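Below is one structure; the comments refer to it alone.
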Amino acid sequence: MKNVMHLDKDERKFYRKHWTTGDPCLFDFVVNTQGLIDTETPEQRERRHQLIDRLGAAMNRLDKKIREVIRLYYLRGLTLQAIADKQGISVSTAYKRRERGLEKLRLLLQPFYEANYEG
């Protein structure tokens with residue numbers, strides 16, 4: 001990997017946590033969006049920005065409770081336990097909301113992904 005910035009201990013911990021979420025592309029996405037590796041062409045950058053716009057629109061279509069779990073987990077870096085404590089729900093409920101949200105986002109973003117990243 002070229003042009004890699006050195007991360008402090010907390011940043012490495014955050015990235016490792018998300019590396020294990022079952023989505024192998026998430027770590028690459030975070031690294032690229034944080035500017036840690038600059039290998040994108042202008043066309044790829046434009047598609048990424050379009051995807052981010054679509055993701056924002058898709059997030060707005062989620063139920064408020066599900067959207068909040070997704071936001072706290074992926075954007076704030078909270079654990080499912082911390083989210084459950086904050087919202088007064090069980091960890092399994094937080095987990096189910098996260099999984100439902102991810103599935104809904106996959107369905108909403110699939111047409112854009114297929115049109116821009118496959119074939």
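The values are calculated or read from the model by the stated rules, or taken from the named source; none is laboratory data. Worth saying up front: this structure is predicted, and the values here are computed from it rather than measured. Glycine gets a Cβ as well: all are built from the backbone with ideal geometry, and neighbour counts include every protein chain shown.
Determine which member of the set ALA115, ALA84 is assigned to a helix (DSSP H, G or I), under 30 Å from GLU43 (Cα atoms) and among the small types (Gly, Ala, Ser).
From the options ALA115, ALA84, the qualifying one is ALA115.
Hey, does the stretch 101-108 have a residue that's buried (at least 17 other Cβ atoms within 10 Å of the Cβ), over 29 Å from ASP10 (Cβ atoms) and of a type outside the set (Val, Ile, Thr)?
The answer is yes; a qualifying residue exists.
Taking interchain pairs and intrachain pairs at least six residues apart, which have beta carbon atoms under 6 angstrom, with the first residue in the stretch 88-100 and among the β-branched types (Val, Ile, Thr) and the second surrounded by fewer than 16 Cβ atoms within 10 Å (Cβ to Cβ)?
Pairs found: VAL91/GLN81.
From the set of residues in the stretch 63-100 that are basic (Lys, Arg) and more than 13 Å from the chain's Cα centre (by Cα), which is nearest to ASP10 (Cα to Cα)?
LYS86
Which one of these is hydroxyl-bearing (Ser, Thr, Tyr) and surrounded by 15 or more Cβ atoms within 10 Å (Cβ to Cβ): TYR117, TYR95?
TYR95
Does ARG98 qualify as being basic (Lys, Arg), at pLDDT 90 or above and out of contact with any Gly (no Cβ under 8 Å at 6 or more places or on another chain)?
Considered against the rule, which asks whether it is basic (Lys, Arg), at pLDDT 90 or above and out of contact with any Gly (no Cβ under 8 Å at 6 or more places or on another chain), ARG98 comes out as yes.
What pairs can you find where one residue is in the stretch 32-51 and loosely packed, with under 10 Cβ neighbours inside 10 Å and modelled with pLDDT of 85 or more, the other is outside any loop (DSSP other than H, G, I, E, B) and acidic (Asp, Glu), and their Cβ atoms are less than 9 Å apart, with a gap of 6+ or different chains?
none
Restricting attention to the stretch 65-92, report how many residues are small (Gly, Ala, Ser), out of contact with any Ser or Thr (no Cβ under 9 Å at 6 or more places or on another chain) and surrounded by 14 or more Cβ atoms within 10 Å (Cβ to Cβ).
Qualifying residue count, the stretch 65-92: 2.
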